[in-house]
Amino acid sequence: MKTDRILSILFILPSFILVGIFIYGFIGWTGWVSMVNWRDVFPDFTFVGLRNYARLFQHFRFVISMKNTLVFTVLFLLSSISIGLLLAILLDRKVRFEGFFRTVYLFPMAVSFVVTGVVWRWILNPGTGGESVGLNWMLEKIGLGFLKSGWYTDPNIGIKAVVIAAVWQMSGYVMALYLAGIRSIPTELYEAAQLDGANVFQLYKHIVLPLLRPVTLSAVIILGHISLKIFDLVFAMTGSGIGFSCDVPALFMYDTTFRGNYFSQGAAIAVILLLCVAVLIVPYLTYSIRTEVRR
Amino acid sequence: MWRKVALIIAVVSAMVVFASKIEIFSWWTAGGEAEGLQELFNIYSKLYPGVEIINATVAGGAGAQAKAVLKTRMLGGDPPDTFQVHAGHELIDTWVKTGFMEPITFLYKEEGWDKVMPKGILDIVSYNGEYWSVPVNIHRANVLWYNKKIFEKYGLKPPKTFEEFFQVAEILKSHGIIPLALGTKDGWEAAHVFETVLIGKLGAEGYKGLWNGKTKWSDPRVTDALETFAKMLRYVNSDHAARTWDEACALIVEGRAAMNIMGDWAVGYFYAKNFYDFGWVLAPGNEGIFDALSDSFGLPKGAKNRENVINFLRVLGSKEGQLAFNIKKGSIPARTDIDRNLFPEYQRSAMEDWLKHEIVPSVMHGAAASESWVTEFKDVISLFVARPDVKTTQRALVSIAIAQGVPQQ
């Protein structure tokens, strides 16, 4: 074997082993724990098959939290992507101080979800009447008092209030993705379209948006996996919420494992979360591998 | 020059190796509880000046968050030198039966604690004939706190029965005052209030029976408790899901709410906020019953600074330590030989009650049932706050008990 070949293998090997143990090995371990009867601090490795999973699907908290995840994912993706796209298109119209606006919109992403959660917990504080604070207070001051709401403490809104905070944090990032995408479209295409007499609306509809499809796909993948396994934002902002209206599987897993000592059930939730994310990620991976091979 | 540097490095590293440390793990971060802990540290530092105290606290009432951190550390073989644990099922089921603790019976013998602590408390820190932790305090969970000024202003008397409670609540509500302050953000607070309702409706024996199968969860008195609790929830602040227990106490301090049902750690909070206009009675129907829990510290196997821990436990069990800690924390000493007159008014009354009332273990605070039962119990009650469906909830409570191996037939 050539020396550089050996060298390259040597360079890859440590990370390969570490990833093998600490990611794939532990996934396997979690899978195993999810099929035993570990219900106490002390491990019990009696094999029980899929019983923990069967129990899980009858557990009210699991059912509620899965529904919440679905609502969260759909709303979070739709809002972040449409707001991000809109911001990118607006910024692309040669506004002055573009760099400044870009930073302002992108900056929330630099803040951790925990901080976002704490801040929005107060902004969306549900106090009404004399005790209004945050957004409710502001709405009252500008004469829109009828828009006041219990936000995350209203069981009908619950998780949707958390979506607001998540969108605030991530839509700037989507904007950056789209802006880069728009900027990479060759100017010849614009010029050709303008020669053909296309107006701005047609330009976006027939040229820009179709060419942005790969960007949208990346955005869906990135935001999608964040939203499926979200924990820190919900934990800091609302906890499980009233009647578990803000509960998500990751929170339930934490509670079950580390408070209830039901390690097997916690592992089962973790495995289900992993499968959900895999459903999203794996098609994307195969797609990108295939396009790379084609090149 | 290099020699000097080498010398300095050698000295510093020697200090790092030999400097004596003790890591004390707790969830005492709010007002009075943090001050109480500091008092203990002060005494310890005076007695053992060379030891560096690492105050490892994780915020969150009832240890909601701290317990998770503790568990990963214990299972990972990195125990803190000593940690806060509720005496009773939480201590015994979670850590003692599973072999994570070292018995400290020798300390009890040396210090004579078995002679100065009441049997009720010695029972819940022992297992298999050995003692496993030092109780530093006794807390009472079933207290109704109220703002005296508000009650005087409207000429009200603090309620002792559920009937009186609803009468008072209705009047307060008509004056635009929140009758009952509640914070449910951490998930355990509603279940805490419900625990006192269960005691109020079932009495001491009936309530204790719930945790060992003598009382069935399908009992009509449990139905009554759920219905009463649902009615009480109509009188709480609308933003309870955004508040923690101490933020609910703040409503009383600010005079926006008139009452709340909380353990007597609330006293510590009131003192820390310089608020003295509070009064107390027992939660409705809880006459003559002391709903107790106790914070204790033990000696984990493999503690890195064993000698320092043993010395710290001595401070915890000493007269001086128990006095200094409990005055700040709002709780009462586990020892019965401490002069009552040294304490503020609330604690004096609790110390009297501790000797003459019937004692029941608190479930939400780890004394009555295993942690997995407590977790499921709090989840069901937490859901009940949003959807007060009595039938479904009672059925869920029955099936939890069955899953815990307590037959309900």
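From the list B:Ser331, B:Ser399, exactly one residue is at negative phi and surrounded by 17 or more Cβ atoms within 10 Å (Cβ to Cβ). Which is it?
None of the others qualify; the one that does is B:Ser331.
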**Q.** Per-region count, segment A:273-286, residues out of contact with any Pro (no Cβ under 7 Å at 6 or more places or on another chain) and closer than 28 Å to B:Ser372 by Cα
**A.** 3
**Q.** Unmet requirement for A:Lys205, which otherwise passes all of (1) touching a residue at least 12 places away in the same chain (Cβ under 8 Å); (2) in a helix (DSSP H, G or I); (3) charged (D, E, K, R)
**A.** (1)
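Would you check which residues across segment B:39-92 are of a type in the set (D, E, K, R) and either surrounded by fewer than 18 Cβ atoms within 10 Å (Cβ to Cβ) or closer than 19 Å to B:Glu371 by Cβ (or both) and list them? Explain how you work it out, then say what you get.
Step one: filter segment B:39-92 for residues of a type in the set (D, E, K, R), giving B:39, B:46, B:52, B:67, B:71, B:73, B:78, B:81, B:90.
Residues satisfying the conditions are B:Lys46, B:Glu52, B:Lys67, B:Lys71, B:Arg73, B:Asp78, B:Glu90.
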Q) If you take the residues of segment B:87-103 that are in a loop (DSSP other than H, G, I, E, B) and within 17 Å of the chain's Cα centre (by Cα), which of them is farthest from the other protein chains (Cβ to nearest Cβ)? A) B:Ala87
**Q.** Extreme residue, farthest from B:Gly255 (Cα to Cα), among residues of segment B:171-182 that are touching a residue at least 60 places away in the same chain (Cβ under 8 Å) and over 27 Å from the mean Cα position of the chain (by Cα)
**A.** B:Lys173
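Residues are listed down the side, and each one gets a yes or a no for (1) under 26 Å from B:Gln38 (Cα atoms); (2) in contact (Cβ under 8 Å) with a residue 40 or more places away in the chain; (3) not polar (S, T, N, Q):
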{"position": "B:Arg314", "(1), (2), (3)": "yes, yes, yes"}
{"position": "B:Phe343", "(1), (2), (3)": "yes, no, yes"}
{"position": "B:Glu371", "(1), (2), (3)": "no, yes, yes"}
{"position": "B:Glu376", "(1), (2), (3)": "no, no, yes"}
{"position": "B:Val380", "(1), (2), (3)": "no, no, yes"}
{"position": "B:Asp389", "(1), (2), (3)": "no, no, yes"}
{"position": "B:Arg395", "(1), (2), (3)": "no, no, yes"}
{"position": "B:Ile402", "(1), (2), (3)": "no, no, yes"}
{"position": "B:Gln408", "(1), (2), (3)": "no, yes, no"}
Q) Given the structure, is A:Tyr24 under 26 Å from the mean Cα position of the chain (by Cα) and either closer than 19 Å to B:Thr94 by Cα or surrounded by fewer than 11 Cβ atoms within 10 Å (Cβ to Cβ) (or both)? A) yes
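Would you say A:Ala267 is of a type in the set (Gly, Ala, Ser), under 29 Å from A:Asp154 (Cα atoms), surrounded by fewer than 24 Cβ atoms within 10 Å (Cβ to Cβ) and within 14 Å of chain B (Cβ to nearest Cβ)?
no
Given segment B:264-308, what strands (runs of 3 or more DSSP E) lie entirely inside it while holding 1 or more residues that are more than 17 Å from the chain's Cα centre (by Cα) and either more than 24 Å from B:Asp123 (Cβ to Cβ) or not small (Gly, Ala, Ser) (or both)? Please lay out each step first, then the result.
Numbers: elements: B:278-282, B:289-293, B:295-300.
Result: B:278-282, B:295-300.
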Q. Any idea which of A:Thr46, A:Thr103, A:Thr3, A:Thr69 is in contact (Cβ under 8 Å) with a residue 60 or more places away in the chain and more than 14 Å from chain B (Cβ to nearest Cβ)?
A. A:Thr69
Q. In this structure, does B:Ala283 turn out to be modelled with pLDDT of 95 or more and either among the hydrophobic types (A, V, I, L, M, F, W, C) or in contact with a Lys or Arg (Cβ under 6 Å, 6 or more places away or on another chain) (or both)?
A. yes
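Quick grid of which residues meet (1) more than 19 Å from B:Arg243 (Cβ to Cβ); (2) part of a strand (DSSP E or B); (3) free of Cβ contacts under 8 Å to residues at least 60 places away in the same chain:
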| residue | (1), (2), (3) |
| --- | --- |
| B:Lys149 | yes, no, no |
| B:Lys157 | yes, no, yes |
| B:Phe165 | yes, no, no |
| B:Ala169 | no, no, no |
| B:Thr184 | no, no, no |
(Q) Against the conditions (1) touching a Gly at 6+ places or on another chain (Cβ under 8 Å); (2) modelled with pLDDT under 90; (3) of a type in the set (A, V, I, L, M, F, W, C), where does A:Leu285 fall short? Just the number, please. (A) (1)
Q: Give me the pairs, please: first residue somewhere in segment B:195-209 and closer than 17 Å to B:His365 by Cα, second residue anywhere and assigned to a helix (DSSP H, G or I) and not aliphatic (A, V, I, L, M), beta-carbon distance under 8 Å, and either six or more positions apart or on two chains.
A: B:Val197/B:Thr228; B:Val197/B:Phe229; B:Leu198/B:Tyr207; B:Ile199/B:Tyr207
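Looking only at segment B:321-339, which residues are assigned to a helix (DSSP H, G or I) and modelled with pLDDT of 90 or more? Let's see the steps before the verdict.
Taking segment B:321-339 first, the residues assigned to a helix (DSSP H, G or I) are B:321-329.
B:Gly321, B:Gln322, B:Leu323, B:Ala324, B:Phe325, B:Asn326 - these are the residues of segment B:321-339 that are assigned to a helix (DSSP H, G or I) and modelled with pLDDT of 90 or more.
Restrict the check to segment B:240-256 and report whether at least one residue is in a loop (DSSP other than H, G, I, E, B) and either among the aromatic types (Phe, Trp, Tyr) or more than 26 Å from B:Ala191 (Cα to Cα) (or both). It would help to see each step written out before you state the result.
The first filter runs over segment B:240-256 and keeps only residues in a loop (DSSP other than H, G, I, E, B), leaving B:243-244, B:254-256.
Still in the running and either among the aromatic types (Phe, Trp, Tyr) or more than 26 Å from B:Ala191 (Cα to Cα) (or both): none.
Within segment B:240-256 (the criterion being in a loop (DSSP other than H, G, I, E, B) and either among the aromatic types (Phe, Trp, Tyr) or more than 26 Å from B:Ala191 (Cα to Cα) (or both)), the answer is no, since none of the residues qualifies.
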**Q.** Any chance B:Val197 is surrounded by 23 or more Cβ atoms within 10 Å (Cβ to Cβ), away from chain A (no Cβ under 14 Å) and on the phi < 0 side of the Ramachandran plot
**A.** yes
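A quick yes/no check of all residues on (1) within 30 Å of A:Asn261 (Cβ to Cβ); (2) within 14 Å of another protein chain (Cβ to nearest Cβ); (3) without any contact (Cβ under 8 Å) to a residue 60 or more places away in the chain; (4) crowded, with 17+ Cβ neighbours inside 10 Å:
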| site | (1), (2), (3), (4) |
| --- | --- |
| A:Val41 | yes, yes, no, yes |
| A:Leu50 | yes, no, yes, no |
| A:Gly84 | no, no, no, yes |
| A:Arg93 | no, no, yes, no |
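Tally time: how many residues in segment B:211-241 are within 21 Å of the chain's Cα centre (by Cα) and within 14 Å of chain A (Cβ to nearest Cβ)? First the steps, then the outcome.
Step one: list which residues in segment B:211-241 are within 21 Å of the chain's Cα centre (by Cα), which gives B:211, B:240-241.
Applying the additional criterion that residues be within 14 Å of chain A (Cβ to nearest Cβ) yields B:240-241.
Of the residues in that region, 2 qualify.
Among the residues of segment B:376-393 satisfying the criterion of being among the polar types (S, T, N, Q) and buried (at least 20 other Cβ atoms within 10 Å of the Cβ), which is farthest from the other protein chains (Cβ to nearest Cβ)? First the steps, then the outcome.
Let us first name the residues in segment B:376-393 that are among the polar types (S, T, N, Q), namely B:382, B:392-393.
Those left that are additionally buried (at least 20 other Cβ atoms within 10 Å of the Cβ): B:382, B:393.
Details: B:Ser382: 7, B:Thr393: 10 Å.
Top of the filtered list is B:Thr393.
Please go through segment B:210-237 and give me each residue that is closer than 12 Å to B:Val385 by Cβ and free of Cβ contacts under 8 Å to residues at least 24 places away in the same chain, ordered by number. Talk me through it step by step, then tell me what you get.
We begin by selecting, within segment B:210-237, every residue closer than 12 Å to B:Val385 by Cβ; these are B:226, B:229-230, B:232-234, B:236.
Passing the criteria: only B:Arg234.
Can you pull out every residue in segment B:342-374 that is outside any loop (DSSP other than H, G, I, E, B), over 25 Å from B:Lys319 (Cβ atoms) and more than 14 Å from chain A (Cβ to nearest Cβ)?
B:Glu358, B:Val360, B:Pro361
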Q. Looking at segment A:141-148, is at least one residue assigned to a helix (DSSP H, G or I), within 14 Å of another protein chain (Cβ to nearest Cβ) and within 16 Å of B:Asp239 (Cβ to Cβ)?
A. no
Q. So which residues in segment B:62-86 are touching a strand residue (DSSP E or B) at 6+ places or on another chain (Cβ under 8 Å) and in a loop (DSSP other than H, G, I, E, B), if there are any at all?
A. B:Pro79, B:Pro80, B:Asp81
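The values are calculated or read from the model by the stated rules, or taken from the named source; none is laboratory data. All figures in this text were calculated on a predicted structure; none of them were measured in a lab. Backbone-built Cβ (ideal geometry, glycine too); neighbour counts: all protein chains shown.
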